[in-house]
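Report on the following structure.
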Amino acid sequence: MSAVREYPTSHRERFTGQLVEWCRIPSVAALPEHEIDVVRSANWLAAAFRDLGFPEVEVWSAADAPAVFARWRAAPGAPTVLVCSHHHVRPAGSGRWEETAPFEPAVRGGFVHGRGASDAKGQVPAHLWGLRAHLLDRDAPAVNLVFPVEVDEEDWVTRTETRAVVGEAGCTVPERLWARPAIEVLTMLAGDPVGPPLGAVPSVAAADLSVRTVSDQRVAEVGEQLRRWLAKTVDHRYDHEVSLSEGTAQEACRTPDDLPESELLAEAVEEGFGRSVGRMGNAGGGPAARLAEGVGVPVLFFGTGLPEDRRHDSDERVSVDVLLAGAATLAHFWERMGRG
């Protein structure tokens, strides 16, 4: 095992302790009562960047929540890599947390349990420890690094305890999950859900829908298609109203298949994890398309979470082994990027 790959593993206890400490901060940006906790989370991360040696670290105030900006420019002529993530977490919700309370993280069976352990507080320390490993025999990174951390196949079915992934006939499960459009019902509300049944038919019902577009679609056009379909489908005897969150909607983003850095990352993953790798899509909302358009370069995705991490759900967790292998992967990736 190479020294770079061994380094994160040899510091497992310290790595895990830092993640547990950070996950104790309930940085729920969506709830006003946690406003100060989000500030504390940002300050915790800023201190972690400074401890690693980043020459430039700032906490930026924003309308919603603070962002952390860290930059290390010590490689003239080398590529500049923008690493984006977030430090806010989802509300704990009213679900049953059977492993531990959401903001009382626990280490058990090789996992860190707690809100944010996988999405995305676990991901950020993997980057930091990957950089520590990369700096074992050098004073500065081989690439220029900029971190804006802000708030703003049938195997899948088994691992996520999903009964089935339904969709278009003739499409495989990965295609349905990552390559084809989808619409999902997130919440439905009608009547009085609390207490005994009232014996009355509700006069109003509401539903929240999540629409996933793909690379040949546009959010505004799909929104209009949904409006037209509802107008045609809903019985004229019933009123209905559609509200589209187009302001926060994200266009689909696809990393070019021939991107050279994808091959470098694949090589680094194979070395960091010690096994051959494949590729997958990522179905979900995110500002990748806006980021790619804004900076004028492709976006490359790398994550250290697993489908069974129960992100956004109760009993969220993350595998420490996967995070450490991800850290080793990133150390190898920076080295390869620096070679050009």
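Values quoted throughout were computed directly from the atomic coordinates according to the rules given, and no laboratory measurement underlies them. What you are looking at is a predicted structure, and each value in this text was computed from that prediction instead of being measured. Cβ atoms come from the backbone with ideal geometry, glycine included; neighbour counts cover every protein chain shown.
What is the packing order of peptides 71-82, 261-272, taking the mean over residues of other C-beta atoms within 10 Å and listing the highest first? Please report the intermediate quantities before stating the final value.
Values: 71-82: 14.7, 261-272: 18.8.
For the peptides 71-82, 261-272, the packing ranking is 261-272, 71-82.
Which whole-Hz ³J(HN,Hα) couplings does segment 323-338 yield from phi under the Karplus relation 6.51 cos²θ - 1.76 cosθ + 1.60, θ = phi - 60°, glycine and proline marked x?
4, 5, 5, x, 4, 5, 4, 5, 4, 5, 5, 4, 5, 5, 5, x
I need to check one value: relative contact order of segment 30-71, counting alpha carbon pairs closer than 8 Å and at least 6 residues apart, in percent.
Working: 44 pairs, mean separation 15.8, N = 42.
Here the relative contact order equals 38 percent.
Would you work out which of S210, G223, G199 lies farthest towards the positive end of the dipole of the chain, given +1 charges on the beta-carbon of Lys and Arg and -1 on that of Asp and Glu, about the Cα centre?
Going by the charge dipole, the pick is S210.
Go through segment 92-108 residue by residue and turn each phi into a ³J(HN,Hα) via Karplus (6.51, -1.76, 1.60, θ = phi - 60°); whole Hz please, and just put x for glycine and proline.
With coefficients 6.51, -1.76 and 1.60, one gets 5, x, 9, x, 7, 9, 8, 7, 6, 5, x, 10, 10, x, 9, 9, 8 Hz.
Using the crude model of +1 on Lys and Arg Cβ and -1 on Asp and Glu Cβ, and no other charge, please compute the dipole size for segment 258-319 relative to its Cα centre, in debye to 20. Mind showing how you got there, number by number?
Numbers: 6 positive and 12 negative charges, 39 e Å.
So the magnitude is around 180 debye.
Quick check: pseudo-label points 7 Å beyond the Cα along Cα→Cβ at D192 and A205, how many nm apart are they?
Simple spin-label model gives 2.0 nm for this pair.
Would you please give the residues with an amide H less than 5 Å from that of L209, counting only those at least 5 places away or on a separate chain, with H modeled from the backbone geometry?
L186
Once label points are set 7 Å from the Cα along Cα→Cβ at both A292 and V277, what is their separation, rounded to one decimal in nm?
That separation, rounded to one decimal, is 1.8 nm.
Read phi for every residue in segment 174-183 and hand back ³J(HN,Hα) as whole Hz from Karplus 6.51 cos²θ - 1.76 cosθ + 1.60, θ = phi - 60°, with x for Gly and Pro.
Rounded to whole hertz, the list is x, 5, 5, 6, 10, 10, 10, x, 8, 9.
Let a ≥ b ≥ c be the square roots of the eigenvalues of the Cα gyration tensor of segment 4-130; is it rounded (a/c under 1.5), or, if not, prolate (a/b larger than b/c) or oblate? If you can, show how the numbers build up before the last one.
Numbers: a/c = 2.42, a/b = 1.26, b/c = 1.92.
Oblate, because a/c is 1.5 or more while a/b does not exceed b/c.
List the trypsin sites (Lys or Arg not before Pro) within segment 177-239 that DSSP assigns to loop and that have no more than 10 neighbouring Cβ atoms inside 10 Å. Intermediate values should be presented prior to the final figure.
Working: sites: R212, R218, R227, R228, K232, R237; in loops: R218, R237.
Passing sites in segment 177-239 are R237.
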